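Structure first, commentary second.
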Amino acid sequence: MKALHLLPPGGTSWGGGIPATLTSLAESPQLQWVTFRQVPLDQAAETMRDWRPDALIWHPACSWRLLPQQWRLRGIPRVLVEHHYCRGFELHQVPSRRRFRTMLRLAYALFDRVVPVSHGQSDWMGATGLVPASKVRVIPFSRTLDDFLSLPLGRPPHTPFRLGAFGRFARQKGFDTLIRAVRMLPAGSVQLLLGGDGELDAELRDLAAGHPGIRFLGPLSNVPAFLRDCDGIAIPSLWEPWGNACLEVRAAGLPVIVSGVGGLSEQVEGCGFVVPPGSETGLADAIRRLIALPGAERLRLSEQARDSSIGSWDRFCRSWSNLLRELR
């Protein structure tokens, strides 16, 4: 079987590591019966004509502009992976829900299968009637985790406590709320390490100005090494269909604080704290609780976090193998 991944413009540079995950998927033992390729949309027609794939896997964000291109794909088995939209995105980013949902219903109707990347995202699709349940196959997103699973467990926390956060400096990620939460805590109780960059870099630095416990590390070239130096992680996103950062943190065996949105809250059951999105007081309280954890409870959370991540990559590969067999 030949399966063609269709990527947004930018191709393999898109999506914070998603193309690399798709490459690892193609190399997995469960998928050796499938030959994969990845191309950006502007190369799709030529590749389909020359390579003649047996299935198409769509990854770009749906839009009114792309509906005609999606319509032209008919005649070959088609899968859409919903990396982008979720309940929180609709709440914060969509001025007209009726128009937005109409677009999604039209787009999803053009595909044989729709793949939500979390159960929370799937629940939103079902509650809003975006796609028939018979078309839906939930496959929580994953990645290879060996570099994270090799990090040591049970390390005593630093003084002050090192709280990490990393990702794009965009409104979605909620780092402004995190900085305000840290400012509410007693001086010297926590050091916030922020890894990443983006359009809000200057705004976030201004918000943190004068606080000796907030450090900006710039883009991270080695996430496992960053996590090794942290005692806990905060992921305060306003929306997140899945949140691969949370999976990496769990594999590293770190307790995590997340916003109760999308795929984040379902990832931390038994191994972290869930707070309301956008709540600096809720976030500050969770940080206090994390710092105050007794050693035995901290170790339990770390072990539970790692245990919850083990097998996720194998399940991801097996689920994709099963889905593609449905389309043969």
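The values are calculated or read from the model by the stated rules, or taken from the named source; none is laboratory data. Since the structure is predicted, the reported quantities are computational estimates derived from the model, not experimental observations. Counting neighbours? That spans all protein chains shown, and the Cβs are built from the backbone with ideal geometry, glycine included.
Observations on the structure shown:
- Candidate set: region 277-294, residues that are aliphatic (A, V, I, L, M) and assigned to a helix (DSSP H, G or I); chosen: the one surrounded by the fewest Cβ atoms within 10 Å (Cβ to Cβ): 291
- Residue, nearest to residue 274 (Cα to Cα), within region 295-328, restricted to residues that are among the hydrophobic types (A, V, I, L, M, F, W, C) and outside any helix (DSSP H, G or I): 310
- Sole exception among (1) β-branched (Val, Ile, Thr); (2) outside the structural domain of residue 68 (by TED's automatic domain parsing); (3) touching a residue at least 40 places away in the same chain (Cβ under 8 Å) for residue 117, by number: (2)
- In the condition set (1) loosely packed, with under 14 Cβ neighbours inside 10 Å; (2) over 21 Å from the mean Cα position of the chain (by Cα); (3) touching a residue at least 60 places away in the same chain (Cβ under 8 Å), residue 189 is compliant with all but (1).
- Neighbours by Cβ (under 8 Å, 6+ apart or cross-chain): first from region 157-185, at positive phi; second part of a helix (DSSP H, G or I): 167/173; 167/175; 167/245
- Check on residue 226, under 19 Å from residue 143 (Cα atoms) and surrounded by fewer than 20 Cβ atoms within 10 Å (Cβ to Cβ): yes
- Residue pairs meeting the criteria (Cβ under 8 Å; at least 6 apart or on separate chains; first in contact (Cβ under 8 Å) with a residue 24 or more places away in the chain, in region 54-68; second among the β-branched types (Val, Ile, Thr) and surrounded by fewer than 16 Cβ atoms within 10 Å (Cβ to Cβ)): 54/76; 55/76; 56/76
- For residue 221, the conditions (1) without any contact (Cβ under 8 Å) to a residue 40 or more places away in the chain; (2) within 28 Å of residue 146 (Cβ to Cβ); (3) not in a loop (DSSP other than H, G, I, E, B) are fulfilled apart from (3).
- Residue 150, sole failed condition from (1) more than 24 Å from residue 312 (Cβ to Cβ); (2) surrounded by fewer than 16 Cβ atoms within 10 Å (Cβ to Cβ); (3) assigned by TED's automatic domain parsing to the domain that holds residue 244; (4) not hydrophobic (A, V, I, L, M, F, W, C): (1)
- Scanning region 53-68 for residues that are under 24 Å from residue 90 (Cα atoms) and either in a loop (DSSP other than H, G, I, E, B) or not assigned by TED's automatic domain parsing to the domain that holds residue 43 (or both) gives 59, 60, 61, 62, 63, 64, 65, 66.
- Candidates are the residues of region 196-217 that are crowded, with 16+ Cβ neighbours inside 10 Å and more than 15 Å from residue 171 (Cα to Cα); the one that is farthest from the chain's Cα centre (by Cα) is 213.
- Of the candidates 245, 234, the single residue that is outside any helix (DSSP H, G or I), closer than 18 Å to residue 171 by Cα, in contact (Cβ under 8 Å) with a residue 24 or more places away in the chain and among the small types (Gly, Ala, Ser) is 234.
- Single unsatisfied condition, residue 162 versus (1) touching a Cys at 6+ places or on another chain (Cβ under 9 Å); (2) surrounded by fewer than 19 Cβ atoms within 10 Å (Cβ to Cβ); (3) in a helix (DSSP H, G or I): (3)
- Check on residue 121, touching a helix residue (DSSP H, G or I) at 6+ places or on another chain (Cβ under 9 Å), closer than 27 Å to residue 243 by Cβ, outside any helix (DSSP H, G or I) and at pLDDT 95 or above: no
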